[in-house]
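Down below is the structure, laid out as structure tokens.
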Amino acid sequence: MSEVNLARVDERLIHGQVMLTLSQRAGVNSIFVVDDVVARDKFMKDLYKSAGSRTGQKTIVISTNKAKEYWDDFKFKDYSPILICKTVGVIYELVKHGIPIKELNLGGIAQKNPSDTMVSKTVYLTEADAKMLKEMKEKYGVDNIYFQATPSAEKKSLSSVLSMFNI
């Protein structure tokens, strides 16, 4: 059985120096892009696989359900991936399903509605997102949840973000 080395929420998925740096973390041997839309679009799927290959890591693009099946059937085999997706909701769904994640980095979520709260320079959350993050930490053992756009940027803690929502 393998384990997720790092989970990241970033709407850009694989991009530039950030993924190049993160992919060099100790133990990382692959990148799993979990996104239903990208997984159904051959052109986009190939594009992200190509971008991921520039990091030197095997890149797998799969839907949310395929990620769950791959965990259930194979426990991700010998992969120790960076698991990346666009939304807090997808990570929440994977964690609730039983995929163990210990470290979750939130790096880039754009504002969708005027009611979204800016919690860092690059991350906007809804109250529902904040509640899911709190539940992942308290109920599902995602111990290290933080906000950091790039590896060299300062980290912002989940507790400081939750205080913005009074939860």
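Conditions first: (1) charged (D, E, K, R); (2) within 15 Å of the chain's Cα centre (by Cα); (3) not in a strand (DSSP E or B). Arg8 passes all but one, so which condition is the exception?
Status for Arg8: all satisfied but (3).
Any idea which of Ala51, Ala67 is free of Cβ contacts under 8 Å to residues at least 40 places away in the same chain, in contact with a strand residue (DSSP E or B) (Cβ under 6 Å, 6 or more places away or on another chain) and either farther than 24 Å from Thr126 by Cα or not in a helix (DSSP H, G or I) (or both)?
Working: Ala51 fails: in contact with a strand residue (DSSP E or B) (Cβ under 6 Å, 6 or more places away or on another chain).
Testing whether each residue is free of Cβ contacts under 8 Å to residues at least 40 places away in the same chain, in contact with a strand residue (DSSP E or B) (Cβ under 6 Å, 6 or more places away or on another chain) and either farther than 24 Å from Thr126 by Cα or not in a helix (DSSP H, G or I) (or both) leaves just Ala67.
When the residues of region 1-34 are filtered to those that are among the basic types (Lys, Arg) and surrounded by fewer than 21 Cβ atoms within 10 Å (Cβ to Cβ), which remaining residue is modelled with the highest pLDDT?
Of all residues in region 1-34, those among the basic types (Lys, Arg) come to 8, 12, 25.
Add one more test, that the residue is surrounded by fewer than 21 Cβ atoms within 10 Å (Cβ to Cβ), and what stays is 12, 25.
Values: Arg12: 94, Arg25: 90.
Among those residues, the one meeting the criterion is Arg12.
I'd like to know if region 88-102 contains one or more residues that are closer than 30 Å to Glu127 by Cα, of a type outside the set (A, V, I, L, M, F, W, C) and touching a residue at least 60 places away in the same chain (Cβ under 8 Å). Steps first, please.
Applying the first criterion (closer than 30 Å to Glu127 by Cα) to region 88-102 yields 88-102.
Applying the additional criterion that residues be of a type outside the set (A, V, I, L, M, F, W, C) yields 89, 92-93, 96-98, 100, 102.
Imposing the further condition that a residue be touching a residue at least 60 places away in the same chain (Cβ under 8 Å) reduces the set to 100, 102.
Yes, region 88-102 has at least one match.
Being surrounded by fewer than 21 Cβ atoms within 10 Å (Cβ to Cβ), under 15 Å from the mean Cα position of the chain (by Cα) and among the small types (Gly, Ala, Ser): is that true of Ala110 here?
yes
Can you list residue pairs whose Cβ atoms sit under 6 Å apart, with the first residue in region 14-28 being farther than 13 Å from Thr59 by Cβ and the second being part of a loop (DSSP other than H, G, I, E, B) and not aliphatic (A, V, I, L, M)? Count only pairs 6 or more apart in sequence or on different chains.
Val18/Thr150; Thr21/Pro151; Gly27/Asn5; Gly27/Ser80
The values are calculated or read from the model by the stated rules, or taken from the named source; none is laboratory data. These figures come from a predicted structure and were not determined experimentally. We place every Cβ from the backbone using ideal geometry, glycine too, and count neighbours over all the protein chains shown.
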